[in-house]
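Right, one structure below, let's go through it.
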């Protein structure tokens with residue numbers, strides 16, 4: 001597969017649809033979980049809000065659709081993030097954003113920080129290992145890009161979770 005595909009070609013539209021589905025599911029799952037973005041871990045996404053975040057995502061999808069590797073990586077990462085969001089979205093929605101944040105802060109205050117970080121890193125290593133296996137044992141673009149997307153997901157979840165939890169731990173002794 002080529003490094004770049006022509007704008008408007010059939011392959012371009014395959015990547016565009018894949019990205020729109022992936023990013024769309026990430027946005028939908030975020031909206032279900034935290035419609036006011038109170039619980040959004042990514043500070044840039046929280047700052048942009050829905051008004052600017054959606055057009056920016058559309059632009060990114062249109063741009064990256066010309067490059068297969070980043071398109072597949074982003075689509076993979078986005079679908080995995082959406083799945084993670086949907087896993088707890090029902091609880092966030094049923095409790096409300098503020099109550100869920102308070103409840104989670106209380107759970108974090110009652111837990112051992114080392115245990116929390118160890119479990120988070122353990123999860124990231126296990127998920128990342130699946131991506132690393134795909135990257136290591138293939139020479140084909142699509143499995144390589146999916147593997148890289150899985151690794152990107154593991155790193156992003158770890159980074160943004162630590163960022164969110166750090167904000168909570170700063171105000172909790």
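The values are calculated or read from the model by the stated rules, or taken from the named source; none is laboratory data. Quick caveat: nothing in here was measured; it's all calculated off a predicted structure. Please note: Cβ atoms are built from the backbone with ideal geometry, for glycine as well, and neighbour counts cover all protein chains shown.
General remarks:
- Residue within the range 111-120 that is surrounded by 14 or more Cβ atoms within 10 Å (Cβ to Cβ) and closer than 21 Å to residue 30 by Cβ present: yes
- Filter pass, residue 105 being surrounded by 16 or more Cβ atoms within 10 Å (Cβ to Cβ) and over 27 Å from residue 79 (Cβ atoms): yes
- Considering the conditions (1) in contact (Cβ under 8 Å) with a residue 60 or more places away in the chain; (2) under 15 Å from the mean Cα position of the chain (by Cα); (3) crowded, with 20+ Cβ neighbours inside 10 Å, residue 147 is excluded by exactly one of them, (1).
- Checking residue 43 against (1) at pLDDT below 95; (2) surrounded by 13 or more Cβ atoms within 10 Å (Cβ to Cβ); (3) under 20 Å from residue 84 (Cα atoms), the condition it does not meet: (2)
- Among (1) within 17 Å of the chain's Cα centre (by Cα); (2) loosely packed, with under 14 Cβ neighbours inside 10 Å, the one test that residue 52 misses: (1)
- Within the range 133-144, considering residues that are more than 15 Å from residue 70 (Cα to Cα) and in contact with a helix residue (DSSP H, G or I) (Cβ under 6 Å, 6 or more places away or on another chain), the one surrounded by the most Cβ atoms within 10 Å (Cβ to Cβ): 134
- Residues satisfying the stated conditions in the range 31-57, i.e. on the phi < 0 side of the Ramachandran plot and in a loop (DSSP other than H, G, I, E, B): 34, 35, 36, 38, 39, 40, 41, 42
- Scanning the range 2-26 for residues that are loosely packed, with under 15 Cβ neighbours inside 10 Å, part of a helix (DSSP H, G or I) and either modelled with pLDDT under 95 or touching a helix residue (DSSP H, G or I) at 6+ places or on another chain (Cβ under 6 Å) (or both) yields one hit, 10.
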